[in-house]
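S.K.: The structure's right below; bear with me while I get my questions together.
The values are calculated or read from the model by the stated rules, or taken from the named source; none is laboratory data. Bear in mind the structure is a predicted one, so any value in this text is a computation, not a measurement. All Cβ positions, even for glycine, are placed from backbone atoms using ideal geometry, and neighbour counts span all protein chains on display. These area figures cover heavy atoms from the full protein model, side chains too; ligands, DNA and RNA do not enter into them. Shrake-Rupley method; radii C 1.70, N 1.55, O 1.52, S 1.80 Å.
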Amino acid sequence: MNAFASIVLSTLAVGLLAQAPAALFDYDPSLPLEVKETSRREEKGALLRDITYATLTKGTNAATLITPRTQAAAPAPAVLFVHWYGPPAPTSNRTQFIPDGIALAERGVTSLLVDTPWSVPTYFRTRTRAEDYTRSVQQVRDLRRALDVLAAQPGIDRARFAYVGHDFGAMYGTIAAAVDPRVTHFVFMAATASFSDWFLYGPKLEGEAREKFIAELAPLDPLKWVPKLRGPVLMQFADNDEHVSTARREQLAAAAPKGADVRLYKAGHELNDTATRERLAWLRKTLRVE
């Protein structure tokens, strides 16, 4: 039996486990955001401001806000972008979506691009499996905190509030969007159905320890949360993705809410320019900023 088949069977074996309760991802939204601007610049008619804000764990996180130079008279949509993990690619951090944010700013949209634990190139090999579950739960809370920062910006239309995530950004975002009613539009890019698919990369884990690890993460698996997404949903997959198998891709597409737009590209895990153009066109259309 190959490694992927083993993961699939293990996941099916724990498939009857209850989904993690939404309350698990609750946090204190009254904590001060303490947003501070560290620099600003203009590019192609958009204003880019690097900021920091207070985290839920008494630290700070860095982010980039991209807005039109002049605020629109009427409330406008907002998008939270959460990047992929693809070192040594230079886009394996919040800069991945700067071109998307600039393009949307032309239509009046405010975007927030946040740092994540996987912004650090050594993230995957320095994390520990013993902490994957607790850190995953905290990551969902942290993304909801990022939504707080975005929602606090002036001129935001709460009825047009999108989340765009790639890779880990999509997986954690699926849970955050499912439990946080503020997210009205969702873009899922090149991610897999189960956290254990990826967290089992690296040193071999076998037998009972492997089964226990898969069972622990199973309640968090994106496959269980995708059906709970609300509003328009776009799912973008690659046909030559070394990290997302055809079987996993098809499972996620089948679990998507009715009416979800599922698209496949001739690309690798990083996707391609066609996916970017179509994603932006989809956002402009569904957010009604055409």
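S.K.: What FRET efficiency would be calculated for the residue pair Thr126, Ala89, taking the C-beta separation as r and a Förster radius of 22 Å, to the nearest 0.05?
M.R.: For Thr126 and Ala89, the calculated efficiency is 0.75.
S.K.: Multiply the residue separation of Thr38 and Arg135 by 0.36 nm, subtract the distance between their alpha-carbon atoms, and state the gained length in nm to one decimal.
M.R.: Length gained, Thr38 through Arg135: 32.2 nm.
S.K.: Considering only DSSP beta bridges where both residues belong to the chain, give the percentage that are antiparallel (nearest 5). Walk me through the intermediate numbers first.
M.R.: Values: 20 of 44 bridges.
Percent antiparallel among DSSP bridges in the chain is about 45.
S.K.: Here's another thing I want to ask about it. With a 1.4 Å probe and every protein chain kept in, tell me what percent of the accessible surface of segment 172-290 is carbon plus sulfur.
M.R.: 51 percent
S.K.: Here's something else I'd like to know. Pick out, in residue order, every one of the trypsin sites (Lys or Arg not before Pro) in segment 23-58 that is DSSP loop and has at most 11 other C-beta atoms within 10 Å; say none if there are none.
M.R.: Sites meeting the loop and neighbour criteria: Lys44, Lys58.
S.K.: Next up: Which of the GluC sites (Glu not before Pro) found in segment 172-218 are in a DSSP loop and have at most 10 neighbouring Cβ atoms, other than their own, within 10 Å?
M.R.: Of the GluC sites (Glu not before Pro), the ones in loops of segment 172-218 whose Cβ has at most 10 other Cβ atoms within 10 Å are Glu206.
S.K.: Using a 10 Å cut-off on Cβ atoms, rank the peptides 99-107, 237-245 from the highest mean neighbour count down.
M.R.: Going by the mean number of other Cβ atoms within 10 Å, highest first, we get 99-107, 237-245.
S.K.: Here is a follow-up. Let's test the formula: R0 of 22 Å, r as the Cβ-Cβ distance of Ala159 and Ala73. What FRET efficiency results, to the nearest 0.05?
M.R.: Plugging the Cβ-Cβ distance into 1/(1 + (r/R0)^6) gives 0.85.
S.K.: Oh, and also: For Rg and Dmax of the Cα atoms in Å, several values are listed as [x] 18.4, 61; [y] 19.4, 72; [z] 19.6, 63; flag the one computed from this structure.
M.R.: Label of the calculated value: [x].
S.K.: Moving to a separate point now. Would you mind checking segment 140-175 for residues with the amide N under 15 Å from a putative spin-label position 7 Å along Cα→C-beta of Asp26?
M.R.: Residues 141 qualify, since their backbone N sits under 15 Å from the label point.
S.K.: Still on this structure: Got a sec to turn the phi values of segment 222-238 into Karplus ³J(HN,Hα) couplings, 6.51 cos²θ - 1.76 cosθ + 1.60 with θ = phi - 60°, whole Hz, x for Gly and Pro?
M.R.: Per residue, the Karplus-derived 3J(HN,Hα) values read x, 4, 7, 9, 3, x, 8, 5, 10, x, x, 10, 10, 10, 10, 10, 10 Hz.
S.K.: At a 10 angstrom cut-off on C-beta neighbours, averaged per residue, how do the peptides 246-254, 159-167, 129-137 rank from highest to lowest?
M.R.: 159-167, 246-254, 129-137
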